[in-house]
Structure formats: C-alpha cells, structure tokens
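A.B. asks: Quick one: the structure is below, questions incoming.
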C-alpha cells in the first residue's frame, strides 16, 4: 500500500465531489512535529478556483476524507494547512508490505545507463582526505543511482602523465639513489609523494635565489632550471624516450600498488579505469578535427585555442605551442572514448568545485564539436575539505594522508566503543574486535564526509566523527546492533517475526516510525535526482533516532500482549533492514553486535 498516493487520489476525489472542480498534481508534505497528523495538504493555492478561504477548504476536505476514506482517521486545520492522521489498519498494511518486500526501496529499472567518474588520482602522491570525500561521494552516488533503476558504470581516470608527474620523477632521479618501497618501508604512493614534496622545496629554493638576483618572481617560476628540466622530461616522455618511459613506468607501478591497497580498505572499486597516458593522443586528434571544422584556431606560435566568449567564457588553450597536451586535451579524448566504450545516456564527473570553470569549458567545446552526447554531461561539483588547521596542500606536504586518517579514525572508534561497551566486548575475539573497529572507523569517516551537502565546503573533525551520540555513523551503527540484539533474544524466546502483523492499536511513536519507513523509497529517489547522499545520511539518522525514542518509550520483549509484542518485533526488524539499506547506499557497513 502507498498511503501517500491513496491520499492524493482521495483528495482529488473530495475536491471533485465538493466543488465540482478538477485539480492537477496534489502535493503532500510531512506534518510539522508541533501538530497532530503525519501528512499535510496545503490549501492556500486553491482559494481562487474554489472561492473559499484556506481554512474552510481544509475543513471541508478533511470532513469528506474522514467520512469517505478508510485510511484517514482524523484531521485538524491550522489556517491553510490540512493535517491528516492515518488509521492504524493502514499502517499495519504498510508494515506488512515492507516486511515481505525484499526489494523495498529499490526503484523500477529506468533502462538508461549512467557513467560516474570519480577518484581521478595523480600518480605523484598518495590519496588524501580530499580524495576520500571524492571517492565516498562517487561510490555512494553510483549506489544510489543503481537503486534508482539505472545501469551504472563506475569509472576512474588516472592522471598518470604531465608536469606534476615529471616533478616527482625528476626529484627521484636526483635524490632517489635507488630507493624502493621495500627499502624505505613505505607504500609506493607514499614514497613517490615524498619526492613530489622534495621537488617543491628544491624548486622554491631556486626561485628565491633567482628573485634575490633581480629576476621577477613570475619569470623565475617559469625559467628556474628545475622547471626547465621538468618540461624537457615531459617532452622526452611524449617522444617515447626509453629511459624516461622506463622510470615513469616503474614509479607509477609503485603508486598503483599503493592506490589498490587503499581502495580495498575503503571498499571502493571501478568497472573501468582509464589512463591519461592512453587518452591524451585521442585528444590531439580531436584538436586536429576542431581545427579543420573551424572550431579551434591556431596562434602564430602554433598553440591551439578556442574562443568561447559567446558562452560567457573566454579564450582557452587546448594544445601548447610545442605540441604537448593540456588537461583539456586529455579530457576531450577521454570523454569521446568513454562514450564509444559504453554509449551511456549520461556522464557524471565527481570533481571538486575548483574545476567548475574547466568543466564549463569542456562541455561548451563538445557542444561546439557537435558531439551527440554533449547535452547529457554533468559536473557533480563538491566543496573542499579543510582541517581545523586550515587548507591542505600536497606539494607542501600538509595534506592528511588517507591511510593515516583511516588508521587514526579506526583507533579513535575502538577507544569510543570500548568505553561505551563497558566490558561487553570481552566476548569478542581479537579478530572480531579488529573487524568491528574497522567497520566503525570507516563508517565514521564516510558518514561524516557524506552527511554534508556535497556543494558545501566543510571542515573535518576526527573526534566528532566517532562520537557514539548524535548525528554520526557510529551512532546509527550502534542502533542497528541494538536492534539485532533484540531480534536474537526474540529467537531465543521462540518469538517469530516472519508472519504478518495482526490488527492492533498503535502508539503514536509506532505510527511515526512506520511513516518514516514508508518514506524510504521517496528519499532514495530524491537522493538520486539531486546526487545527494546527504539526504540518505539525514534519513538514516532520523530513523535511528526515532527508533531509540520508540525503544525508550515502549517495552518490546517484556510486552505481555502477544500481538503487540509481535508488532514491535516486526517493526524493529524492518527498521534494522532499512537502516542497513540506507547506510549501504553510502558504502557503510553496519555491525550486528557491538
């Protein structure tokens, strides 16, 4: 039973019979907590066509619904707001439907495909806190779109070539002395990140020396010997110089091993991985195509540009004068290749908002080139993650490394769980404890980074993230574990939860809980429409908090009325399953024991 849809039909029928008028779409909203009822119909928009004031309209419709609709038990009118209470029998039907529908919350197939590209790491540094928000957001949006009925392809483009990569390569060549991840006792991505920082320090020293000798800073940044060597290394790489390519391949392979270990830890995977080193040449072919079509133009120094002033943008470089690629070149090639590979109906990029302009330009160029997919491209722009100490900078070595942060959060979660458990974890084996703490630590991280609207800049606070009270991942995980504990005890008492709930009177908190559960498919749909895991984070918290209120107010296992006992156990079971589903769409596991 879909109570909301039945109410909409009944309200339309009421208006037709009472006023001999037909209206379009009926919108319902949750009733404000200070008023009785669970659904509210706003009557203000009907005053002109029905020729009554909002309160009169509400009173008339409410009376008709109580007299004619079996699901409406009572109503109240507050100015132009008609608040409706639902009959217990309807909630029982809804509960039984949810308890037997294993696909509850999964929407029908759309027969459309979507590619979500995320992560997009550079092979000159390890993944850091900013990458975690990107990965968690991309992974969650992929799961949510799949639940909305889309065929989803998760893609990653690895930025494995270019100036930044050559900086690490040059520093390793100068200072590495044959060091390997094994000899250094470091993951490969951490080792290469060390050399990226070393390059920046040496480069800044050269700039300072040149400025001290009278060279303007902007010119020094371009003419510093280290930058000249980096540019030469990039040219050698693009020319296929054997020594340069061998060094590039060796260092990148170390980084990939490090990335893979981190991805496995955070539970993120991809259906297809693209490499910039394989796609930038395709981009050059598109630049040549654009020149022939007159979409691009060439300057006297042989660099290639596009004029996008008509789109409110400006002139944009797409190929350097020496023939080397820029990021735009690579993205043109990769976007074409992705469409050729999968023919997705939509392509989504999960990339930070510092690249808003870049994607505006990319999409404008593809429209100018007449690509058939050009109007179905979307940049899921998200805000940066700051620390209490300020903004992170990779080249200065001030980033928070993802691996270190995961370990720190896991340790903090283990401390918080030990304190809250008060000895209950003694029955866990060491392996079970380790698995639990990892689940809590990752849950804390993912939830904290996903509960904020993606477009908002945010500050990450590790201590807040692992709190077992309030709007956190571990709090919701704890509620799920509490529910499973109740259900295990019910099995021990031989109380079954797999038969339909019988008719009974429901407490107000039980009605509220069933109402919240019934909202789950709608929340999933809204999260998919807006690419917003934060909607599901808020929903999971709201559901967990309401269950705790229910748990505190009403006895479950000590209830002597067998019908009420059975009702509450089924309700608890559906809440637990829905929490697991909602958290699962954020890539968060929930434990059965804590």
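A.B. asks: Assess whether residue 130 counts as being over 30 Å from residue 54 (Cα atoms), part of a helix (DSSP H, G or I) and modelled with pLDDT under 95.
C.D. replies: Yes; evaluated as a whole, the condition is true for this residue.
A.B. asks: If only one of 159, 148 is at pLDDT below 95 and within 30 Å of residue 588 (Cα to Cα), which one is it? Steps first, answer last, please.
C.D. replies: Numbers: 148 fails: at pLDDT below 95.
Among 159, 148, only 159 is at pLDDT below 95 and within 30 Å of residue 588 (Cα to Cα).
A.B. asks: Being within 28 Å of residue 191 (Cα to Cα), free of Cβ contacts under 8 Å to residues at least 40 places away in the same chain and over 21 Å from the mean Cα position of the chain (by Cα) narrows it down to one of 434, 444, 412, so name that one.
C.D. replies: Details: 444 fails: over 21 Å from the mean Cα position of the chain (by Cα); 412 fails: free of Cβ contacts under 8 Å to residues at least 40 places away in the same chain.
Unique residue meeting the criteria: 434.
A.B. asks: Among the numbered criteria (1) buried (at least 18 other Cβ atoms within 10 Å of the Cβ); (2) under 26 Å from residue 246 (Cα atoms); (3) over 32 Å from the mean Cα position of the chain (by Cα), which single criterion is violated by residue 179?
C.D. replies: Single failed check for residue 179: (1).
A.B. asks: Please specify each residue of segment 275-302 satisfying the condition of being part of a loop (DSSP other than H, G, I, E, B) and surrounded by fewer than 17 Cβ atoms within 10 Å (Cβ to Cβ). Before you say what the answer is, go through the steps one by one.
C.D. replies: Taking segment 275-302 as the starting set, the residues that turn out to be part of a loop (DSSP other than H, G, I, E, B) are 294-296, 299-302.
Selection gives 294, 299, 300, 301, 302.
A.B. asks: Mind listing whichever residues of segment 486-540 are out of contact with any helix residue (DSSP H, G or I) (no Cβ under 8 Å at 6 or more places or on another chain), farther than 22 Å from residue 109 by Cα and surrounded by 15 or more Cβ atoms within 10 Å (Cβ to Cβ)?
C.D. replies: 538 - this is the single residue of segment 486-540 that is out of contact with any helix residue (DSSP H, G or I) (no Cβ under 8 Å at 6 or more places or on another chain), farther than 22 Å from residue 109 by Cα and surrounded by 15 or more Cβ atoms within 10 Å (Cβ to Cβ).
A.B. asks: Sticking with this one: Of all the strands (runs of 3 or more DSSP E) wholly in segment 26-122, which have at least 2 residues that are without any contact (Cβ under 8 Å) to a residue 24 or more places away in the chain and under 30 Å from residue 345 (Cα atoms)? Can you show your working first?
C.D. replies: Values: elements: 28-30, 39-42, 72-78, 81-86, 113-117.
Because the criterion is at least 2 residues that are without any contact (Cβ under 8 Å) to a residue 24 or more places away in the chain and under 30 Å from residue 345 (Cα atoms), no strands (runs of 3 or more DSSP E) in segment 26-122 meet it.
A.B. asks: Counting only residues that are part of a helix (DSSP H, G or I) and under 20 Å from residue 582 (Cα atoms), how many does segment 460-496 have? Walk me through it before giving the result.
C.D. replies: Residues of segment 460-496 part of a helix (DSSP H, G or I): 462-465, 473-492.
Checking which are under 20 Å from residue 582 (Cα atoms) leaves us with 465, 473-485, 487.
Residues in segment 460-496 being part of a helix (DSSP H, G or I) and under 20 Å from residue 582 (Cα atoms): 15 in total.
A.B. asks: So residue 104 clears everything in (1) over 30 Å from residue 271 (Cβ atoms); (2) touching a helix residue (DSSP H, G or I) at 6+ places or on another chain (Cβ under 6 Å) except one condition, right? Which one?
C.D. replies: (1)
A.B. asks: Same structure, new question: Would you confirm, using the coordinates I've provided, whether residue 227 is in the same structural domain as residue 133 (by TED's automatic domain parsing), within 25 Å of residue 332 (Cβ to Cβ), touching a helix residue (DSSP H, G or I) at 6+ places or on another chain (Cβ under 8 Å) and in contact (Cβ under 8 Å) with a residue 12 or more places away in the chain? Talk me through it step by step, then tell me what you get.
C.D. replies: Working: in the same structural domain as residue 133 (by TED's automatic domain parsing): yes; within 25 Å of residue 332 (Cβ to Cβ): no; touching a helix residue (DSSP H, G or I) at 6+ places or on another chain (Cβ under 8 Å): yes; in contact (Cβ under 8 Å) with a residue 12 or more places away in the chain: yes.
Against the criterion (in the same structural domain as residue 133 (by TED's automatic domain parsing), within 25 Å of residue 332 (Cβ to Cβ), touching a helix residue (DSSP H, G or I) at 6+ places or on another chain (Cβ under 8 Å) and in contact (Cβ under 8 Å) with a residue 12 or more places away in the chain), residue 227 does not qualify.
A.B. asks: Could I ask something else about it? Taking residue 363 as meeting all but one of (1) touching a residue at least 24 places away in the same chain (Cβ under 8 Å); (2) surrounded by 13 or more Cβ atoms within 10 Å (Cβ to Cβ); (3) touching a strand residue (DSSP E or B) at 6+ places or on another chain (Cβ under 6 Å); (4) part of a helix (DSSP H, G or I), write down the number of the exception.
C.D. replies: (1)
A.B. asks: Do we have any residue at all in segment 101-110 that's at pLDDT 95 or above, within 27 Å of residue 461 (Cβ to Cβ) and under 21 Å from the mean Cα position of the chain (by Cα)?
C.D. replies: no
A.B. asks: Same structure, new question: What is the residue count in segment 551-572 for residues that are within 14 Å of residue 480 (Cβ to Cβ) and surrounded by fewer than 20 Cβ atoms within 10 Å (Cβ to Cβ)?
C.D. replies: At the first step, the residues of segment 551-572 found to be within 14 Å of residue 480 (Cβ to Cβ) are 551, 572.
Filter once more, so that each one left must be surrounded by fewer than 20 Cβ atoms within 10 Å (Cβ to Cβ): 551.
Within segment 551-572, residues that are within 14 Å of residue 480 (Cβ to Cβ) and surrounded by fewer than 20 Cβ atoms within 10 Å (Cβ to Cβ) number 1.
A.B. asks: Something else about it: Answer yes or no: is there a residue in segment 149-168 that is in contact with a strand residue (DSSP E or B) (Cβ under 6 Å, 6 or more places away or on another chain), more than 23 Å from residue 260 (Cα to Cα) and in contact (Cβ under 8 Å) with a residue 12 or more places away in the chain.
C.D. replies: yes
A.B. asks: Further, regarding this structure: From (1) modelled with pLDDT under 95; (2) touching a helix residue (DSSP H, G or I) at 6+ places or on another chain (Cβ under 8 Å), pick out the condition that doesn't hold for residue 348.
C.D. replies: The number of the failed condition is (1).
The values are calculated or read from the model by the stated rules, or taken from the named source; none is laboratory data. Note that the structure is predicted; figures quoted are calculated from it, not measured. Note that each Cβ is placed from the backbone with ideal geometry, even for glycine, and that neighbours are counted across all protein chains shown.
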